[in-house]
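The values are calculated or read from the model by the stated rules, or taken from the named source; none is laboratory data. Predicted model, so just to flag it, every value in this text is computed and none were measured. Cβ placement follows ideal geometry from the backbone for every residue including glycine, while neighbour counts extend to all protein chains displayed.
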Amino acid sequence: MLILLPPSEGKATPTRGKPLDPASLSFPSLTTARTDVRAALVDLCTADPEKAAAVLGLGPTQLDLVARNGALDGAPTARAERIYTGVLYDALDAATLSAAARRRTTRVAVTSSLFGLVRLADRIPSYRLSGDVTLPGLGPVAGVWRDHLGAAVTDALGAGLLVDLRSGTYAAFWRPTPDLAARVATVRVLHEHAGVRKVVSHFNKATKGRIVRAVLEDGGRPRTPTALADQLRDLGWTVEVGAPGAKGTQLDVVVTEV
């Protein structure tokens, strides 16, 4: 099983820790592309901070984030599970997983504009680079990763089930090929209130974080979207299974409270 997560827009900033060691990161096939993206980002942010802020979609009061990007090569690092913050990662709460569940976090990968993919245990610095940014001299970061992520994902996936929890921006970095469709499950979280169902960002993110946590604690390894739906039902969720399609099978998880 491989579970793909989106990153968080906001990130924690470690004050201590070794600087980035690119050779230590998971998915070594991405090393060259990571170097290219990092170099383009650092060059942009050190050469012209005001232009960098505009390119990165930052306001004039966020130049500290530009400076942080410019200092990436020597910045302190921490485990990715600590760097990524926000509703999904709060709900996952990786630091409090049981010992067995923590060993299973190798089944989780975070899609990153800067690193392509990282495991939760990989040590990375804090950075600011959204998935829809176009870097001067390099082009759209989504396009860079579209050229590289396919092999990395399929190698990590092996014969297992891909659970794709990425948001739309990061799903554009790589899309499963039709031959993988039978082994791809996407999850949509629907909030039901007074008989009306709708997608609500907070419920979506929190529920996905809880799902990942519960699946890691449970330890089961479903091999099909239907088997994953059965596992989630056993863990207490209401799940409806959509029809298989060229991009996989959508599971609707229906919640009434966060």
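Output the qualifying pairs, or none if there are none: Cβ atoms under 6 angstrom, residues six or more apart or on different chains, first residue in the stretch 107-129 and at negative phi, second residue in a strand (DSSP E or B) and among the hydroxyl-bearing types (Ser, Thr, Tyr).
Taking only residues 6 or more apart or on different chains, the pairs are VAL118/SER112.
Results for (1) at pLDDT below 95; (2) under 19 Å from ARG38 (Cβ atoms); (3) among the hydrophobic types (A, V, I, L, M, F, W, C), shown as yes or no for each residue.
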| site | (1), (2), (3) |
| --- | --- |
| ALA71 | no, yes, yes |
| ALA80 | no, yes, yes |
| ALA99 | no, no, yes |
| ARG102 | no, no, no |
| ILE124 | no, yes, yes |
| LEU135 | no, yes, yes |
| HIS148 | no, yes, no |
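Looking at GLY74, is it out of contact with any strand residue (DSSP E or B) (no Cβ under 8 Å at 6 or more places or on another chain), on the phi < 0 side of the Ramachandran plot, surrounded by fewer than 16 Cβ atoms within 10 Å (Cβ to Cβ) and small (Gly, Ala, Ser)? Before the answer, list the steps.
Numbers: out of contact with any strand residue (DSSP E or B) (no Cβ under 8 Å at 6 or more places or on another chain): no; on the phi < 0 side of the Ramachandran plot: yes; surrounded by fewer than 16 Cβ atoms within 10 Å (Cβ to Cβ): yes; small (Gly, Ala, Ser): yes.
The answer is no for GLY74.
Having 3 or more residues that are under 27 Å from THR85 (Cβ atoms) is the bar; report the helices (runs of 4 or more DSSP H) wholly within the stretch 145-258 that clear it. Show your work before the answer.
Details: elements: 149-157, 168-171, 201-218, 225-234.
Ranges flagged: 149-157, 168-171, 201-218.
With the condition kept exactly as written, say whether any residue in the stretch 81-97 is free of Cβ contacts under 8 Å to residues at least 40 places away in the same chain, of a type in the set (Val, Ile, Thr) and surrounded by fewer than 22 Cβ atoms within 10 Å (Cβ to Cβ).
Among the residues of the stretch 81-97, at least one is free of Cβ contacts under 8 Å to residues at least 40 places away in the same chain, of a type in the set (Val, Ile, Thr) and surrounded by fewer than 22 Cβ atoms within 10 Å (Cβ to Cβ), which makes the answer yes.
Scan the stretch 146-176 for residues that are farther than 14 Å from SER112 by Cα, crowded, with 18+ Cβ neighbours inside 10 Å and hydrophobic (A, V, I, L, M, F, W, C) and jot them down.
If the condition is that a residue be farther than 14 Å from SER112 by Cα, crowded, with 18+ Cβ neighbours inside 10 Å and hydrophobic (A, V, I, L, M, F, W, C), then ALA156, LEU157, LEU161, LEU162, VAL163 are the ones that fit.
Where in the stretch 37-114 are the helices (runs of 4 or more DSSP H), entirely inside, with at least 1 residues that are β-branched (Val, Ile, Thr)?
Numbers: elements: 49-55, 63-70, 80-83, 87-92, 99-103.
The qualifying helices (runs of 4 or more DSSP H) are 49-55, 63-70, 80-83, 87-92.
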